[in-house]
1. Give ARG24, ARG9 a once-over and let me know the one that is assigned to a helix (DSSP H, G or I), farther than 27 Å from PRO169 by Cα and either in contact with a strand residue (DSSP E or B) (Cβ under 9 Å, 6 or more places away or on another chain) or at pLDDT below 95 (or both).
2. Can you name the residue in the stretch 25-57 that is surrounded by fewer than 17 Cβ atoms within 10 Å (Cβ to Cβ) and touching a Phe, Trp or Tyr at 6+ places or on another chain (Cβ under 9 Å) and is also farthest from GLU132 (Cα to Cα) among such residues?
3. Considering each residue of the stretch 27-48, count those that are part of a strand (DSSP E or B), under 25 Å from ALA78 (Cβ atoms) and in contact with a helix residue (DSSP H, G or I) (Cβ under 7 Å, 6 or more places away or on another chain), and give that number.
4. In the stretch 137-178, how many are surrounded by 24 or more Cβ atoms within 10 Å (Cβ to Cβ) and part of a strand (DSSP E or B)?
5. Search the stretch 93-147 for residues being in contact with an Asp or Glu (Cβ under 7 Å, 6 or more places away or on another chain) and among the β-branched types (Val, Ile, Thr), and hand back the single one that is nearest to LEU38 (Cα to Cα).
6. Do we find a residue being buried (at least 16 other Cβ atoms within 10 Å of the Cβ), over 24 Å from ILE179 (Cβ atoms) and within 16 Å of the chain's Cα centre (by Cα) anywhere in the stretch 97-110?
7. Considering the stretch 106-120 alone, what residues qualify as being among the small types (Gly, Ala, Ser) and in a strand (DSSP E or B)?
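The values are calculated or read from the model by the stated rules, or taken from the named source; none is laboratory data. None of the values given here were measured: they were computed from a predicted structure. Here the Cβ positions follow ideal geometry from the backbone for every residue, glycine too, while neighbour counts run over all protein chains shown.
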Amino acid sequence: MPEPTLAERVDGSAQLRRRQGLARGISVGLGRVHLEGLSSIPATGPVLLAVNHRSLLDGPLLFGAVRRPVSCLVKVEAFTPWAGPLLRRSGQIAVRRDGGDAPSVRLCLRTLRAGGIVGIFPEGTRGHGLVETAKPGVGYLALRSGATVIPVACSGTSEMAHRHGWRRPSAVLLFGEPIGLARWPDGQVLKRTIAAAATEGIRVALAALVAVADELRADRERGRPTTKTTERARD
């Protein structure tokens, strides 16, 4: 199977749905993944998922959790002879992290403007995932596409990737409230300062959501009730 067409990136296909099901099965095998706030994702229309990055499992978990197709930006180094074909057939987009990857940006914009979902990791690399910094690409894509931005906080995914023994670690994927940014007019120069301001707004919202996700996961690990998810995410 070649890379998905633009229509398949938006509307899905039998092959993509099977791969999403496989991703869900892998997540069940590796850990106890709790999904919170999935209703934040609209059933149709362009969506930009801004996700913190703690583990190589973040992308696959996101791909399997969302019922609509998700095309994530993935570092080009991950497209090895073994993994590359699977990533491409799953609709993932290779990107160079040194910047200036115009073909990848154009594909993201085409997907969003056609009404699809794109996932991006604003931090640009895996780490502690607290979103203390963010690359400007997330603000640029949001403004140029006019897509609804949904922050997504991953907590516990690093423990899943490095599990020891039979115990399945707990993890949380928390989908936050939509962030609406008006589409920047086509043909009008988008200044770096404007894209940077949009990026900072998204970063702040995502960082706050990560703190909530970490708290939710800690509560689950201790066996405490987590009935105030929405309220805590909005505070």
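1. None of the others qualify; the one that does is ARG9.
2. Looking at residues that are surrounded by fewer than 17 Cβ atoms within 10 Å (Cβ to Cβ) and touching a Phe, Trp or Tyr at 6+ places or on another chain (Cβ under 9 Å), I get SER39.
3. Total satisfying the criteria: 3.
4. Residues in the stretch 137-178 being surrounded by 24 or more Cβ atoms within 10 Å (Cβ to Cβ) and part of a strand (DSSP E or B): 12 in total.
5. Applying the filter and picking the extreme gives VAL131.
6. Checking the stretch 97-110: not a single residue is buried (at least 16 other Cβ atoms within 10 Å of the Cβ), over 24 Å from ILE179 (Cβ atoms) and within 16 Å of the chain's Cα centre (by Cα).
7. Scanning the stretch 106-120 gives a single hit, GLY119.
Results for (1) within 19 Å of MET160 (Cβ to Cβ); (2) touching a His at 6+ places or on another chain (Cβ under 9 Å), shown as yes or no for each residue.
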| position | (1), (2) |
| --- | --- |
| GLU8 | no, no |
| ARG17 | no, no |
| GLN20 | yes, no |
| GLY25 | yes, no |
| LEU35 | yes, no |
| GLY45 | no, no |
| ARG54 | yes, yes |
| ALA94 | no, no |
